[in-house]
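Here is the structure we will look at, set down as structure tokens.
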Amino acid sequence: MLSVMCDDGSTCVKLAWLENGNIKTHISPNAFREGWKSEAFNQVLNFDIDGKKYAFDKGHNAILSTTNIAFQYSDLDLLAIHKALLTSTLSPQEIEITVTLPINKFFHQDGQKNMANIERKKNNVLRKVKVNNNQSFEIKSVFVMPESVPAVAEELKKDDVSPLEKSIIVDLGGTTMDCGIITGGELDVSEVYGNPSIGTRSVAIAIIKAMGIADSDINEYEANAILSSEDKRKEISAIINNRSMIDHVMTEINNAIENYAKSVISQIEQLQKVNRIYLAGGGAELIDNYVTAHFRNKKVRKLYDAQLALVKTLVYV
């Protein structure tokens, strides 16, 4: 049976699996609405969960928000997982899947596993989903891992971390900022912390507001697409109606990223003093330069390919 690794984040789902000995990956953005979408002209993804209808619809103005802490145990999380599987190169089949929980949901504050949350997550993912009135992938078993923690394991080895050093893993997701304190070179989690109000969603909302002022209504899916683009100005130029406002929108994006970085830095400073800082998650791509510059006396590292680092590592766990 195929084993699929799945980092089911609130803004996008990351998949990894082995195919002929090689790692294959897939990134799938989230954008769902209630009700079904017409199949008249294009192939669509219409879902049914326990009689409730949903559709993937990236252009709809009323897409359901996935950037909230309840996402992990919701219909939307289950939709996101199945949509990612269906848009990958995999064919529908029976699979076993490893999914993730934010650090502060997987562990209690004292570093012990939160078995209630883990079981709740498993039960949610095991629910049946119908797609276009047909059966989707059939998930036969579910394993749950903490976000970010496994991804830093290889980095700890590479960095030859001493038994006395303390490191903090900072997972910068769309909804939350989750941190885990690790002692030494093993995955010895001694403390966890989560802030549900610090996420890249704050930047996405700033983009939506700035585009609105420029007579251009966009949703969170489109804002996240701009945010993740290497050429944000080009993306904005393609969809903005008031082109005289392009510079204004770019300024608002840069200001929002800087404010996001300041919030992250402030939270790191409030935690116990550490020797090393490891940055993971999509937000790491936005602000690692700010964090590195601020913590000049610490060893700061952004995980390579931060968004896919976790699922790639899980393939070999």
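Among Y290, Y316, Y221, sorting on how many other beta-carbon atoms sit within 10 Å of each Cβ, with the fewest leading, yields Y316, Y290, Y221. Distance between the pseudo-spin-label points of K24 and K166 (7 Å out from Cα toward the beta carbon): 4.4 nm. Among the listed options [x] 0.92; [y] 1.06; [z] 1.01, the one matching Cα Rg over 2.2 N^0.38 Å as calculated from these coordinates is [z]. Under the shape rule built on the C-alpha gyration tensor, where the axes satisfy a ≥ b ≥ c, the stretch 36-106 is oblate, since a/c reaches at least 1.5 while a/b does not exceed b/c. For V129, the residues whose amide H sits under 5 Å from its own are S136, ignoring neighbours fewer than 5 places away on the same chain, with H placed 1.01 Å from N. In this structure the amide hydrogen of L2, modeled in the peptide plane, comes within under 5 Å of the amide hydrogens of E96, none closer than 5 places in sequence on its chain. Karplus-derived 3J(HN,Hα) values for the stretch 139-148, using 6.51 cos²θ - 1.76 cosθ + 1.60 with θ = phi - 60°, are 8, 8, 8, 10, 10, 10, 10, x, 5, 6 Hz; glycine and proline are entered as x. From the square roots a ≥ b ≥ c of the eigenvalues of the alpha-carbon gyration tensor of the stretch 1-136, which class results: rounded (a/c under 1.5), prolate (a/b over b/c), or oblate? Verdict is oblate for the stretch 1-136. Evaluated at q = 0.13, 0.14 Å⁻¹, the base-10 log of the normalised Debye intensity for the stretch 161-317, with identical point scatterers placed on the Cα atoms, takes the values -0.64, -0.72.
Comparing mean-square fluctuations of D77, D159, D178 from a GNM of the chain with C-alpha springs under 10 Å, the top value falls on D159. Counting beta carbons within 10 Å around each of L2, L308 and listing the fewest first gives the order L2, L308.
Take the chain and mark each of the trypsin sites (Lys or Arg not before Pro) that is in a DSSP loop with at most 13 other Cβ atoms within 10 Å; the longest unmarked stretch, sites excluded, is 129-272. Rounded to the nearest Hz, the phi-derived 3J(HN,Hα) couplings of the stretch 177-189 under the Karplus curve 6.51 cos²θ - 1.76 cosθ + 1.60 (θ = phi - 60°) are 10, 10, 10, x, 8, 10, 9, x, x, 9, 7, 9, 7, where x marks glycine and proline.
Residues whose amide H comes within less than 5 Å of that of F32, counting only those at least five positions distant or on another chain, are D57, L64 (H built at 1.01 Å from N in the peptide plane). Separation of the stretch 58-101 and the stretch 147-212, taken as the distance between their Cα centroids, equals 22 angstrom. Computed extension gain for E39 through Q272, at 0.36 nm per residue and net of the alpha carbon distance, reaches 78.4 nm.
Annotation: the residues V44, V152, V291, sorted from fewest to most other C-beta atoms within 10 Å of their own C-beta, follow the order V44, V291, V152. Report ³J(HN,Hα) in whole Hz for each residue of the stretch 7-17, in order, from the Karplus equation J = 6.51 cos²θ - 1.76 cosθ + 1.60 where θ = phi - 60°; Gly and Pro get x. Result, rounded to whole Hz: 9, 8, x, 6, 9, 7, 9, 10, 10, 8, 7. Compactness of the stretch 93-133, taken as the C-alpha radius of gyration over 2.2 N^0.38 Å, stands at 1.48.
Report summary: the helix-based calculation at 222 nm, which adds -39500 (n - 2.57) for every DSSP H run with n ≥ 4 and divides by the residues of the chain, gives -10000 deg cm²/dmol. Distance distribution P(r), the stretch 20-61, all Cα-Cα pairs, bin width 5 angstrom from 0: 5, 20, 21, 20, 12, 8, 8, 6, 0 percent.
Oblate is the label for the stretch 237-317. Its Cα gyration tensor axes, ordered a ≥ b ≥ c, give a/c of at least 1.5 and b/c at or above a/b. Counting only DSSP beta bridges whose two residues both lie in the chain, roughly 65 percent are antiparallel.
Values in this text are rule-based calculations from the coordinates and carry no lab data. Given the structure is predicted, the values throughout are model-derived calculations rather than measurements. Every residue, glycine as well, gets a Cβ built from its backbone with ideal geometry; the counts of neighbours run over all protein chains shown.
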